[in-house]
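**Q** Got a structure for you, written out below as structure tokens; questions coming shortly.
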Protein chains: 2
Amino acid sequence: MKTIEVCLTPELIHQHNLEGRVVVVVDIFRATSCIVTGLAGGVKSIRPVREIEETKALGQEGYIMAGERGGEKVDGFDIGNSPFEYQDEAIKGKRVAISTTNGSQAILKSDGASQILIGAFLNLESLVEYLVQLPQSVVIHCAGWKGTPNLEDTLFAGALIDEVMEELMPLGDSALIAHWLYVSAHENLLGVALDSSHAKRLKDFGIKEDLEFCMENSKYQVVPKLVGKELVI
Amino acid sequence: MKTIEVCLTPELIHQHNLEGRVVVVVDIFRATSCIVTGLAGGVKSIRPVREIEETKALGQEGYIMAGERGGEKVDGFDIGNSPFEYQDEAIKGKRVAISTTNGSQAILKSDGASQILIGAFLNLESLVEYLVQLPQSVVIHCAGWKGTPNLEDTLFAGALIDEVMEELMPLGDSALIAHWLYVSAHENLLGVALDSSHAKRLKDFGIKEDLEFCMENSKYQVVPKLVGKELVI
């Protein structure tokens, strides 16, 4: 039977064998929610980038420069890390280069997998449909916060496991922990997620609407996938 | 207000500031359950040791040599890692040197804390009483399994938080995850713990009784503490 594992933070990704597996990268607040929103809304492609300087170099080549450090838009970038910015008509059809504290780093650390996909509550249903028909086992790679596990990404991992566990067997205790967390919290998902440390940090920037948007279930029917250096649908 | 954090695996302990904090080391299956059982039963002291060779050197000095690798007793050691072995009359009043895959390593990696304590379901109530009257904040250091988070240690972290959260505020998302897990699972703690990956591995050695014993709540009224290189009560 195919399996589904959970890596609670990029600092533990070396404990998972990614070869021949499909990795689903998750950064609910907010990078992977932004990526899903942007690609569903007509952005041509999104390129995850490690460094700010590299993003700026891509800006010279015509990319929209996107991203944050410590939750705030980087000086000189075109957009920050709000899903609402990714709905802007001005970026339709454009290529975006994104560099964030957690999410884009987790994508780059998933190197070696047979496929790298993007997961968020916003595309949960489409992701489930896609994963169950694949022959490979799955590793959910939670971006966490600065190397630590976080609540909202773990909640999402639990939600995804809950949907696929008839076809993919949860493997390892992190998967069990994530699933139990989801079982506890699923009747008040938004409330629990807004109680996370990262949500509290972000609320100080006045972006509660962003957080509520990121927790919407299956708003978009897309499964972003890394092809070469670019995420596309 | 004092705080209580959770470190889900020793591989993430560098993310926690231990200075001035009390660390509670947890390895439910089975090292910290053994330590509590042994010291409650009259063992003089227990010394956590990293390497097998170092344990054997201490054996030459009169220590009881204890421990396992991969769940099985080390060749040439006096006892393995079962709490029932720690109840043996023959080791009363003796000093024990213990080297295990996860637990004794986690104790040694807690260096720098103002106090290092040993936690298990077996001494939960006494630990709670001790912690709430201390002035310091607390870090629960889960030993996990070979660097990965595990279910039973995380469950214990959640149970401890549940008991002390009026006096110690849960800090960081790992604490929230552990507490939600406990809230989900507390009505069937034994069943959930026996479903953990490590429990399944250990059951193959025919030691289900060990696991059930380790999940008994507050059987002993001791709080083992590291003094110099030795755990004592």
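None of the figures in this text is laboratory data; all of them are computed from the coordinates on show. Computed from a prediction, not measured in an experiment: that's the story for all the values here. Don't worry about glycine lacking a Cβ; one is built from the backbone with ideal geometry, like all the others, and counts go over all protein chains shown.
**Q** Determine which single condition A:Val223 fails, assuming it passes every other condition in (1) over 19 Å from A:Ala120 (Cβ atoms); (2) within 19 Å of the chain's Cα centre (by Cα).
**A** In the conditions (1) over 19 Å from A:Ala120 (Cβ atoms); (2) within 19 Å of the chain's Cα centre (by Cα), A:Val223 misses (1) alone.
**Q** Here's a check for you: in region A:153-198, which residue that is more than 12 Å from every other protein chain (Cβ to nearest Cβ) and of a type in the set (Val, Ile, Thr) is nearest to the chain's Cα centre (by Cα)?
**A** In this case the residue turns out to be A:Ile161.
**Q** Considering every residue within region B:102-116, establish whether at least one is within 14 Å of chain A (Cβ to nearest Cβ) and touching a residue at least 40 places away in the same chain (Cβ under 8 Å).
**A** Scanning region B:102-116, I find at least one residue that is within 14 Å of chain A (Cβ to nearest Cβ) and touching a residue at least 40 places away in the same chain (Cβ under 8 Å), so the answer is yes.
**Q** Exactly one condition in (1) in contact with an Asp or Glu (Cβ under 6 Å, 6 or more places away or on another chain); (2) buried (at least 24 other Cβ atoms within 10 Å of the Cβ); (3) more than 18 Å from A:Leu127 (Cβ to Cβ) is not met by A:Ser82; state its number.
**A** (2)
**Q** Could you check region B:85-101 and list, in sequence order, the residues that are touching a Lys or Arg at 6+ places or on another chain (Cβ under 8 Å), without any contact (Cβ under 8 Å) to a residue 60 or more places away in the chain and crowded, with 24+ Cβ neighbours inside 10 Å?
**A** Residues satisfying the conditions are B:Val96, B:Ala97, B:Ser99.
**Q** Restricting to region B:11-56, name every residue that is of a type in the set (Lys, Arg) and out of contact with any Cys (no Cβ under 8 Å at 6 or more places or on another chain).
**A** Answer for region B:11-56, where residues must be of a type in the set (Lys, Arg) and out of contact with any Cys (no Cβ under 8 Å at 6 or more places or on another chain): B:Arg21, B:Lys44, B:Arg47, B:Arg50, B:Lys56.
**Q** Follow-up. Here is a check on your reading of the model: is A:Leu12 within 30 Å of A:Glu163 (Cβ to Cβ) and within 14 Å of chain B (Cβ to nearest Cβ)?
**A** Answer is yes for this residue.
**Q** Just to check your reading of the model, which residue among B:Leu127, B:Leu134 is of a type in the set (A, V, I, L, M, F, W, C), under 15 Å from the mean Cα position of the chain (by Cα) and on the phi < 0 side of the Ramachandran plot?
**A** Among B:Leu127, B:Leu134, only B:Leu127 is of a type in the set (A, V, I, L, M, F, W, C), under 15 Å from the mean Cα position of the chain (by Cα) and on the phi < 0 side of the Ramachandran plot.
**Q** Which one of these does B:Ser174 not meet: (1) hydroxyl-bearing (Ser, Thr, Tyr); (2) surrounded by 24 or more Cβ atoms within 10 Å (Cβ to Cβ); (3) out of contact with any strand residue (DSSP E or B) (no Cβ under 8 Å at 6 or more places or on another chain)?
**A** (3)
**Q** In region A:199-208, which residues are away from every other protein chain (no Cβ under 12 Å) and either more than 21 Å from A:Val36 (Cβ to Cβ) or touching a residue at least 40 places away in the same chain (Cβ under 8 Å) (or both)?
**A** Answer for region A:199-208, where residues must be away from every other protein chain (no Cβ under 12 Å) and either more than 21 Å from A:Val36 (Cβ to Cβ) or touching a residue at least 40 places away in the same chain (Cβ under 8 Å) (or both): A:Leu202, A:Lys203, A:Asp204, A:Phe205, A:Gly206, A:Ile207.
**Q** Kindly indicate which of A:Leu181, A:Leu211, A:Leu190 is within 16 Å of A:Cys34 (Cβ to Cβ) and among the aliphatic types (A, V, I, L, M).
**A** A:Leu211
**Q** A further question on this structure: Counting only residues that are within 19 Å of A:Phe213 (Cα to Cα), surrounded by fewer than 22 Cβ atoms within 10 Å (Cβ to Cβ) and in contact with a strand residue (DSSP E or B) (Cβ under 9 Å, 6 or more places away or on another chain), how many does region A:63-79 have?
**A** The total comes to 1.
**Q** Output the residue which, of all residues in region B:117-150 that are buried (at least 20 other Cβ atoms within 10 Å of the Cβ) and part of a loop (DSSP other than H, G, I, E, B), is farthest from the other protein chains (Cβ to nearest Cβ).
**A** B:Ala120
**Q** Going by what's in this entry, would A:Ile35 be described as more than 14 Å from chain B (Cβ to nearest Cβ), buried (at least 19 other Cβ atoms within 10 Å of the Cβ) and touching a residue at least 60 places away in the same chain (Cβ under 8 Å)?
**A** yes
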